[in-house]
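The values are calculated or read from the model by the stated rules, or taken from the named source; none is laboratory data. If you're wondering where the values come from, they're calculated on a predicted model, not measured in any experiment. Backbone-built Cβ (ideal geometry, glycine too); neighbour counts: all protein chains shown. When the accessible area is computed, the model is the full protein with side chains, heavy atoms only, and any ligands, DNA or RNA have been set aside. Shrake-Rupley method; radii C 1.70, N 1.55, O 1.52, S 1.80 Å.
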Amino acid sequence: MEQQVVFFIILGMCAVTYIPRVAPMLVLASRSMPESVVRWLSFVPTAVLSAMLVPAIVSPGGELALDGGNLFLWAGVPAFVLAVWTRSFFGTIALGMAIVAGARYFLM
Amino acid sequence: MDREEMEKVIERKQASVWLEAARRFAPLAMGYIPVGLAYGVLAQKSGLSVWNTVLMSVFVYAGSSQLIAVAMFAVGASAMSIIAATFIVNLRHLLMSAALTPYLKKWKLSELAAFSFEMTDETFALHSARFSEGDMDRRLTFCINLLAHSVWVAASFAGALAGSGIPDVEPLGMDFVLPAMFIALLAMQAKNGLHWLVAGFSGLVSVVLLQAGFEQWSVILATVLGATLGAGVMAWNNR
């Protein structure tokens, strides 16, 4: 494909990505929202993060894998416990990586 | 205080806000760098020029949709289908943007326009945790966003230059960085039992929808259903 065409596609991607990012703020920021909507929105961060995270853990290759061979499940559970317990970013990432790397090195 | 002294104080403040931004962003960088590198490498393999590889990171700045786009470029997908896929994959930002709005009532339109351009999954999660704790420092917010965007662009550029010269990072467990990051971000968000119920429910719904074949819609649908459950239970309890 021509690089110029690629560039125009990138501009199109930019528009369709930016509009959903900016529109709610421009439309809603100047208005006062009903309490019920604000309450609904307060659950969005938790819901969206979990909706992105859980499939990555239970089906890392796309197929559901709830067995012992799924390293991400083995690493995800202790990382989760540590995250809730300590709220430490680095600790959570380091523990998860260490388990995955260690299992690959020693078991595979 | 004379002018020179004042300038020194301002300079020191500027230095410390960047330091603070770096401290907040550092854990996220562990996710941005490997994914940015991988995107750069794949974009090269798909036939994108170095310029276009970097410009996509500047203009689009959304990791998963960029990876999907380069995979589609590689198989010669049409312009419309690439743009449509990008739109659907990034539609979840609509909900994230709306969720931050209650905190941003006092911001100028130009600030909202600039802030939302650099809102990714990760910066959204970080800022929503900050804002809910009352940390509304605008300068820090913009410094974090600029830093994050720069790191993403730089990592993409490095990946594009290195091509396939980048070593395999799987033995280091680097492919687990993103899930681990989301685990930590989720732990920062979930404040009480109801939040954990919402997290469990939307996670489960997301998995079910994904397995049922709703690949690009699973996240946004699971989010809408999860938030509705949370708001419903809360309204029921407050009766």
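Would you work out which of A:Tyr18, A:Leu53, A:Asn70 lies farthest towards the positive end of the dipole of chain A, given +1 charges on the beta-carbon of Lys and Arg and -1 on that of Asp and Glu, about the Cα centre?
Positive-end residue among those listed: A:Tyr18.
Taking a spot 7 Å from the Cα of B:Trp236 along the direction of its beta carbon, which residues of segment A:19-47 have an amide N less than 17 Å from it?
Under 17 Å, as judged by backbone N against the label point of B:Trp236, lie A:40, A:43 of segment A:19-47.
Pick from B:Ala77, B:Ala129, B:Ala212 the residue whose mean-square fluctuation is largest in a GNM of chain B, springs joining Cα atoms under 10 Å.
Maximum fluctuation in the GNM of chain B, among the listed residues, is at B:Ala212.
With heavy atoms of protein chains only and a 1.4 Å probe, what residues of segment B:106-124 have at least 20 Å² less accessible area in the full set of chains than alone?
Correct list: B:Leu109, B:Leu112, B:Ala113, B:Ser116, B:Phe117, B:Phe124.
What is the spread of the Cα atoms of segment B:46-142 along each of their three principal axes, largest first, in whole Å?
47, 24, 22
Quote the FRET efficiency, to the nearest 0.05, computed for B:Lys106 versus B:Trp217 with a Förster distance R0 of 35 Å and r equal to the Cβ-Cβ distance.
Efficiency at R0 = 35 Å is approximately 0.55.
For the pair B and A, how large is the buried accessible area, both sides, in square angstrom to the nearest 100, if the probe is 1.4 Å? Present the calculation step by step, with values, prior to reporting the outcome.
Details: alone 14130 and 9130 Å², together 16260 Å².
Result for this pair: about 7000 Å² buried.
Just to confirm a number: summing +1 for Lys and Arg and -1 for Asp and Glu over residues other than B:Leu186 whose beta-carbon lies under 14 angstrom from that of B:Leu186, what do you get?
That works out to 0.
So what are the three principal axis dimensions of segment B:141-209 from its Cα atoms, in whole Å, longest to shortest?
Taking the Cα atoms of segment B:141-209, the three principal extents are 47, 33, 23 Å.
Near A:Phe72, within a Cβ-to-Cβ distance under 13 Å, what is the net charge of the other residues, with Lys and Arg +1 and Asp and Glu -1?
Local charge sum for A:Phe72: -3.
Which values of log₁₀ I(q)/I(0), to two decimal places, follow from the Debye formula for the protein assembly as shown at q = 0.09, 0.10, 0.16 Å⁻¹ with a uniform point scatterer at every Cα?
Log10 of I(q)/I(0), two decimals: -0.50, -0.62, -1.58.
Kirkwood Rh and Cα-based Rg: tell me the resulting Rg over Rh for segment B:127-166, rounded to two decimals.
Here the Rg-to-Rh quotient is 1.26.
For B:Ala22 and B:Phe117 in the same chain, what is the full-extension length gain: residue separation times 0.36 nm, less their Cα-Cα distance, in nm? Could you put the intermediate results ahead of the total?
Values: separation 95, 0.36 × 95 = 34.20 nm, distance 1.96 nm.
This chain segment gains 32.2 nm when fully extended.
Average partner chain C-beta neighbours within 10 Å, per residue of A:86-98?
Counting other chains' Cβ atoms within 10 Å and averaging over A:86-98 gives 6.
222 nm [θ] for the protein assembly as shown, helices only, -39500 (n - 2.57) per DSSP H run of 4+, per residue, to 500? Display every interim value, and only then the final one.
Numbers: 16 runs with 268 residues, N = 347.
The helix-only estimate for the protein assembly as shown comes to -26000 deg cm²/dmol at 222 nm.
Looking at chain A, what % of the alpha carbon pairs are farther apart than 17 Å? All intermediate terms of the calculation are to be shown ahead of the outcome.
Values: 4186 of 5778 pairs.
For chain A, the fraction of Cα-Cα distances above 17 Å is 72 percent.
From a point 7 Å beyond the Cα of B:Ala79 in the direction of its Cβ, which residues of segment A:1-44 have a backbone N at a distance under 17 Å?
Counting only backbone N, you get A:1-17.
Which whole-percent values make up P(r) of segment B:99-219 when all C-alpha to C-alpha distances are grouped in 10 Å steps starting at zero?
Per 10 Å bin, starting at zero, the Cα-Cα P(r) for segment B:99-219 comes out as 10, 30, 33, 24, 4 percent.
With a 1.4 Å probe and all protein chains left in place, how much accessible area per residue does the protein assembly as shown have, in Å²?
Working: 16260 Å² over 347 residues.
Accessible surface, normalised per residue, equals 47 Å².
Is any residue of segment B:67-93 close enough, with backbone N under 13 Å, to a label point placed 7 angstrom from the Cα of A:Ala23 along the Cα-Cβ axis, and if so, which?
Correct set: B:87-88, B:90-93.
What are the semi-axes of the equivalent ellipsoid for chain B, taken as the square roots of 5 times the Cα gyration tensor eigenvalues, largest first, in whole Å? Walk me through the numbers before you get to the answer.
Values: eigenvalues 175, 165, 56 Å².
In descending order the semi-axes read 30, 29, 17 Å.
Report the full-extension gain for the segment B:Ala158 to B:Ser132: residue separation times 0.36 nm, less the Cα-Cα distance, to one decimal in nm.
Net length gain for the segment: 5.8 nm.
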